[in-house]
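Report on one structure; see the data block that follows.
FYI, it's all coordinate maths here, none of it is from the lab. Being a predicted model, the structure only gives us computed values, none of them experimental. Here the Cβ is made from the backbone with ideal geometry for all residues, glycine too, and neighbour counts use every protein chain on show.
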Amino acid sequence: MPRPVKRALPFLTLCIALFALGACGSSSNDGGTAAKVDDGAGGHRGGTLSLLTSQDISSLDPGITYGSLDLNLLSAVVRTLYAYAPDNPTDIVPDLAASAPQVSPDGKTLTVRIRRGVKFGPPVNREVTSRDVKYAIERGFNPNVASPYASTYYGDLVGAARATGGPIAGLQTPDDYTLVFKLTRPTASLVAQSTVLPLSAPVPPEYAKPFDARSPSDYANHLVSSGPYMVAADRDGTVLGNGYVPGRSVRLVRNPNWGAATDDRPAYLDAVTFRIGGSTTVSGQQVLAGKGLVLGDSPTPALVKKAYQTARDQIFFSPGAGTRYAALNTAIAPFDDANLRKAVAAALDREQMRRIRGGEIVGDIGSHFLYPGVLGFEEAGGLEGTGVDFLADPQGDRALAERYMRAAGYADGRYTGDETLQVVGLAGAPDSNDAQIVDQTLQDLGFKTQLKLVDTTVMYGRFCGVPRARVHVCPNLGWIRDFADPQTVLNLAFNGKFIFPENNPNWPQLNDPAINRAMARGEVTVGDQARADVWGAIDRQITATGAAIPWLYDRQPNVFSADVRCVPELWNQGHCDFAYTSLK
Amino acid sequence: MAAYVLRRVLWGLVLLVLVSLLTFVVFYVLPSADPAQLRAGRNASPATLAQIRESLGLDRPLTAQYWTFLSQLAFHANLGYSYFSQASVGSLLVDRLPATISLTLGAIVIWVVVAVPLGVVAATHRGTWVDKLTTGGALLGISAPVYWLGLVALYLFADDIGKWPLLPGAGSYVPFSEDAWQWLTSLILPWLVLACTFTAVYARLLRGNMIEVLSEDYVRTARAKGLSERRVVWRHGLRAAVTPLVTLAGLDIGLLLGGAVLTETVFGIPGIGQLNYQAIVHADYPVIQGTVLLAACFVIVANIAVDIAYAYLDPRARTA
Amino acid sequence: MSAEAQPAAALRVEDLRVAFDTRDGLVQAVDGISYSVAPGRTLGIVGESGSGKTVAAMTAMGLTRGARTRVSGRVLLDGEDLLAASPARLQALRGDAIAMVFQDPLSALHPLLRVGHQIEEAVRAHGSEVSRAAGRARAVELLELVAIPNAAQRIDAYPHELSGGMRQRAMIAMALANNPRVLIADEPTTALDVTVQAQILALLRRLRDALGMAMVLITHDLGVVAETADEVAVMYAGRIVEHAPAAELFASPQHPYTWGLLRSVPRLDAPVGAELVPIPGRPPSLIDPPSGCRFHPRCAYVRDRHRMVDPALESLAGVPSHRVACLLPETERRAIWAGLTSGAAASPVVAPESPSSGPAAGPASAERPA
């Protein structure tokens, strides 16, 4: 799923500052991870952690939300069937589930057993059953909830095609602790992985149905917890105005019904408070200087520099924060010509793109689209790359670029056609700098360009995500997975069947029949290793088309106070996991 | 007088309807962001997107949407519900208003208390260091961006990140009812920062007016009567020079009550300005509509109040 | 009659000189004037704009004090030199022993304060024990004194709510609040129409008699002076050029400037179609005044000597109370005046020559028979 590759990054400049951070091929070799991932032991039990964020969360409803900060919050409040341990973003572990998922050999049946003794928080207070998980998934199809990914991942359930919030035949609960997924296609492995998303967190139907009957549903304002923490609420369970004041604060307190015996997580903290609003610049300084604080926004480059230089154990660069790439519109001239695409890819200096963001610290040079932590990454070539010649040299290969230009029919190695390229990038450093590097590269190859720098919503909503806008190059795109399965990185982004007139996720509008067929097969491949192999191969194929130029495997910096023993969620951009983090 | 006020109020209502229509056009007809898309994310299929649109009521014809909004407002005093939190817009506004009012009123008090003596003294001591300081300081105050001033203030005096920790830092605002002392101390820096620009403008304005007024005939008469210089300057001079400032202040108050978004953001004060800004980021149109209407309301009321105040202050205007 | 022979003058000005230091040079606005006024008597000071009459009066009140003002001479109020008084003393005297009425009451009264309040202020500024009620009562009393009808209601009016005549009455009432010994009225009727003018002048006369004040009436209008003044001083270019009892001045004016003033007043009995006779030229520069007699560039009877010698103010033989500053012999002057008043062609005794200094004055006009 294409989420914005970075969190709310304010538009302050100062990439130059990051030159000092181990740029220009310095020898800093710790891979940029300043603080180490640990299990939080060593801190004490108790205390309140405060998270400062300038942007409000988008929703508390586990059926709706999927932004990284929202996931960070929900991971402590509700329990999904499976989840990732903070330090392992690739392999799922049982959370609400009692044991590993059972996938039938034909891949069309998934069986999950649920732990006993997990209880809902107040005001529901009873034990969680498989029927609660069933309802949670079914409500995703209710138009009043309109989960963005229910049909994507659970659409293969028998009866899901007609589902509008009522019972789905393919979702069966033979007893209180067993859930069986009957699928029309062999996608059980994918479904098992997809349960890490909050939609699979249990929702008590008798409590939630009245809220879900409203359009839109306001269950979010009455959220019931199943995890170690709950959003503070009044006696009726109303969260809005109590634990959640929109635009101001969210307050998490311990769920009195949470049993440590049912959960592997230590849950040291007594409470977590989100303080919403304010400016990232100031919040960042407060976090560095203060106590018990964590920064929820992406820190400004100046702050990253300061933390890295003066408080190295207060900053953590979380790997696996997504792949950054520049998309070339394959549907219209001139980039319907693969040779021209490859020429651009060969000419682009990806090292420079990274340097302007701060150098090695900010991530590894990207050479294909699956990134570290995602299944299939190694199968696609890992950090070495897939072996295509036009991405072989991270600093670009001018001679090769010219050869591709000539292969495209431009004898001088420079474009002489009529098209003026529309290039749309993001305003604000360092993204605007990256856009300008791409723009310059295009001009060096002889293209005439028109560069527009806009904000994120406009870039996606009006230009790059709208085929009609006829944008030729989008240099500031990026992709984060939904979960470790490689399909979530490649399918929507490069499959021809997902080219939509608006809200289009397949930005290069790649529509290669061979690749489409391979992806169709990949969707129904069973077994994690098999899927890794298949999608790894697809990644190679996509890379070979040159439809998009990958250039960075992003690392997300996170900043926290000196007394915070932060346990970063490597699966979620490095946000501190509340159920593991403690205060010294 | 009553008839006059009534007429103005009715006109004000017409204006509010126009403002709501304009806001509606800007956000619904010419949108820069689609709230359904923002909520759906780039993952959602067109079907899901359509579903979300429908649940938010965005797929209905524009006139129907506007009519619903207007009738809800007029007949039920209902401003709608936030797309994102489903909290009622009215409750959000009510929740945020005290903070904005606190910020505005405190800033006003400071700028009046500082600007008036400064302006008067600068006028009566033209050319001296007081005058030069005032004029120079005013230039600085007018040019310095509020956001930057706020940052500087925090980096100097905030007790968490400042060089000389004196006052509570950003995000420390609490409502008066919760902790009066913290409410007060957390607002001191924001008040000073917000008041800065206004003080500068008003001091300069007053200085100019005073210089003019002090050369008027009636000031000469006051002196000829044997009044003390103090009385001449403050009772006669200031009284005449201050009228334009009062009207200007009224308008500024009206504007500020609509939310001082930059100050609120830097200092983390949960006021109307921040609400408005966050709503814009989320394309949360009902909230945007609510904050815009509220701001328009304040401006209209301020205009009416200012006209009335002017008539009160300057009896010559009453015959008009 | 010299001032010394009178009973003690309430106001005596001795050799007053006032200069302003401006960027363009030193402006000598008042260049050595002396006069005195006894209680119950009115001195009329006449002159055109720029003659220094207002500056002299304001200086007497201490209203021209400033960094760039240079004042010399003496202004004695009942023997006390106002020019040497401290600011505090001056403030105590102003509005109390010496008061001033200004030209345009609409701009001279504070537009935003009620008339009664402004009068009250004058009262309470000089009597520390006066209560608000007492002040208000006194204000009503004063308004009645100046014959404003419905004084008890009018007291709460704003200046713009009163007619021109009422406003001037109110200003007079304000000036009289503390029974001043000296009242200076600077063009008190200039902003009013003619009928109201007459009323105000009558009022001033009445008040002067009732209260025994010494009054200085400054005006450019000879008609005003004729009715109200006992003595008249004609000012030109910062100096007094003629000073005589009123009747005497009108009967036999001695200075060419005075002639010009008298002849430029339109007369009801002038023949139809007769032209007004203006004084040619413009007021002289006070920074760089003409050499010799200051009036010479505009005088129809100028002679060479007049350009070099500056006449002093001298009494006429036989009429010591009538003084004039002119180099023409007295007999000549009388002859010229007789000629002018008889309507005969008044040809200059000597053809005027072009002016040799001062600002360009128009050619001296030969009088033409009407």
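To the nearest 10 degrees, how steep is helix C:164-175 against the longest Cα principal axis of chain C, on a 0 to 90 scale?
70
Peptide A:210-220: average number of partner chain Cβ atoms within 10 Å per residue?
Numbers: counts 0, 1, 0, 0, 3, 4, 11, 2, 4, 1, 3.
What the average comes to for A:210-220 is 3.
Kirkwood Rh, segment A:57-184, all Cα pairs: how many Å?
Here the Kirkwood hydrodynamic radius works out to 15.4 Å.
Work out the mean other chain Cβ neighbour count within 10 Å for the residues of C:149-159 and drop it here as an integer. Please list the in-between numbers first.
Details: counts 0, 0, 0, 0, 0, 0, 0, 0, 1, 5, 3.
Mean number of neighbouring Cβ atoms from other chains: 1.
Tell me, what is the FRET efficiency for residue C:198 and residue B:248 to the nearest 0.05, using R0 = 51 angstrom and their Cβ-Cβ distance as r? Intermediate results must be reported in sequence, preceding the final value.
On the way: r = 46 Å, r/R0 = 0.90.
With a Förster radius of 51 Å, E is 0.65.
In chain C, what percentage of the DSSP-assigned beta bridges are antiparallel, given to the nearest 5? Before the final figure, lay out the partial values.
Numbers: 31 of 50 bridges.
DSSP beta bridges in chain C are roughly 60 percent antiparallel.
What number, rounded to the nearest 500 deg cm²/dmol, is the helix-based mean residue ellipticity at 222 nm of chain C, given -39500 (n - 2.57) per DSSP H run of at least four residues and division by all its residues?
Details: 12 runs with 112 residues, N = 370.
Using -39500 (n - 2.57) per qualifying helix, the result is -8500 deg cm²/dmol.
Of A:134/A:182; A:291/B:163; A:108/A:497; A:291/A:584; A:108/A:134, which sit over 19 Å apart, Cα to Cα? Before the final figure, lay out each step's value.
Details: A:134/A:182 12 Å; A:291/B:163 17 Å; A:108/A:497 23 Å; A:291/A:584 10 Å; A:108/A:134 17 Å.
Violating the 19 Å Cα-Cα cut-off are A:108/A:497.
Between residue B:74 and residue B:26, how high is the FRET efficiency from 1/(1 + (r/R0)^6) when r is the Cβ-Cβ distance and R₀ = 22 Å? Nearest 0.05. Don't jump to the answer; show the numbers that get you there.
On the way: r = 21 Å, r/R0 = 0.94.
In this case the efficiency is close to 0.60.
Per the helix-only calculation at 222 nm, which mean residue ellipticity applies to chain B, given -39500 (n - 2.57) for every DSSP H run of n ≥ 4 and division by its residues, nearest 500 deg cm²/dmol? Mind showing how you got there, number by number?
On the way: 13 runs with 222 residues, N = 320.
Calculated mean residue ellipticity at 222 nm is -23500 deg cm²/dmol.
Output the 0 to 90 degree angle, nearest 10, between the alpha-carbon long axis of helix A:68-77 and the longest principal axis computed from the alpha carbons of chain A.
20
Please list B:65-76, C:240-251 highest first by mean number of surrounding beta-carbon atoms within 10 Å per residue.
C:240-251, B:65-76
Using mean Cβ contacts within 10 Å as the protection proxy, how do C:222-229, A:52-59 order, highest first? Walk me through the intermediate numbers first.
Values: C:222-229: 20.2, A:52-59: 23.2.
In descending order of packing, they fall as A:52-59, C:222-229.
For a protection proxy built on the mean count of beta-carbon atoms within 10 angstrom, sort A:197-203, C:104-110, C:275-281, C:333-339 highest first, please. Mind dumping the intermediate values first?
On the way: A:197-203: 28.9, C:104-110: 21.9, C:275-281: 14.4, C:333-339: 16.4.
Result, highest mean Cβ count within 10 Å first: A:197-203, C:104-110, C:333-339, C:275-281.
Using 25 Å as the Cα-Cα cut-off, could you pick out the over-long pairs in A:305/A:342; A:306/A:452; A:342/A:448? Could you put the intermediate results ahead of the total?
On the way: A:305/A:342 35 Å; A:306/A:452 31 Å; A:342/A:448 18 Å.
Long pairs (Cα-Cα over 25 Å): A:305/A:342; A:306/A:452.
Over the Cα atoms of the protein assembly as shown, Rg to Rh with Kirkwood Rh, two decimal places? Present the calculation step by step, with values, prior to reporting the outcome.
Values: Rg = 45.6 Å, Rh = 37.9 Å.
That ratio equals 1.20.
So, in nm, how far is label residue C:268 from label residue B:217 when the simple model puts each one 7 Å beyond its Cα toward the Cβ?
It works out to 2.9 nm between the two label points.
With θ taken as phi - 60° and the coefficients 6.51, -1.76 and 1.60, list the Karplus ³J(HN,Hα) couplings across segment A:315-329 in order, rounded to whole Hz; mark glycine and proline as x.
Taking θ as phi minus 60°, the curve returns 10, 10, 9, 7, x, x, 9, x, 10, 9, 8, 9, 9, 10, 6 Hz for segment A:315-329.
Quick one: if the Förster radius is 41 Å, what FRET efficiency do residue A:455 and residue A:185 give, using the C-beta to C-beta distance and rounding to 0.05? Mind showing how you got there, number by number?
Working: r = 39 Å, r/R0 = 0.95.
So the FRET efficiency works out to roughly 0.55.
Can you give the percent of C-alpha pairs in chain A whose distance is more than 39 Å? Mind dumping the intermediate values first?
Numbers: 46439 of 170236 pairs.
Value for chain A (Cα pairs over 39 Å): 27 percent.
Taking 0.36 nm per intervening residue step and subtracting the Cα-Cα distance, what contour gain separates residue A:162 from residue A:500 on full extension?
Additional length available on full extension: 119.5 nm.
Pulled fully out, how much extra length does the chain show between residue A:271 and residue A:384, if you take 0.36 nm times their separation in residues and subtract their Cα-Cα distance? Walk me through the intermediate numbers first.
Values: separation 113, 0.36 × 113 = 40.68 nm, distance 4.38 nm.
So the extension gain works out to 36.3 nm.
Other chains near C:54-63: what is the mean number of their Cβ atoms within 10 Å of each residue's Cβ?
On the way: counts 0, 0, 0, 0, 2, 0, 0, 4, 2, 4.
Averaged over the peptide's residues, the number is 1.
Can you compute the modelled spin-label distance between residue B:3 and residue B:155, with each label point 7 Å from Cα toward Cβ, in nm?
My value for the distance between the label points is 6.1 nm.
Label residue A:411 and residue A:312 with points 7 Å out from Cα along Cα→Cβ: what is the distance between them in nm?
Calculated label separation equals 5.8 nm.
Using a 10 Å cut-off around each Cβ, can you sort A:313, A:577, A:439 from fewest to most neighbouring Cβ atoms?
Values: A:313 12, A:577 23, A:439 20.
So the ranking, lowest neighbour count to highest, is A:313, A:439, A:577.
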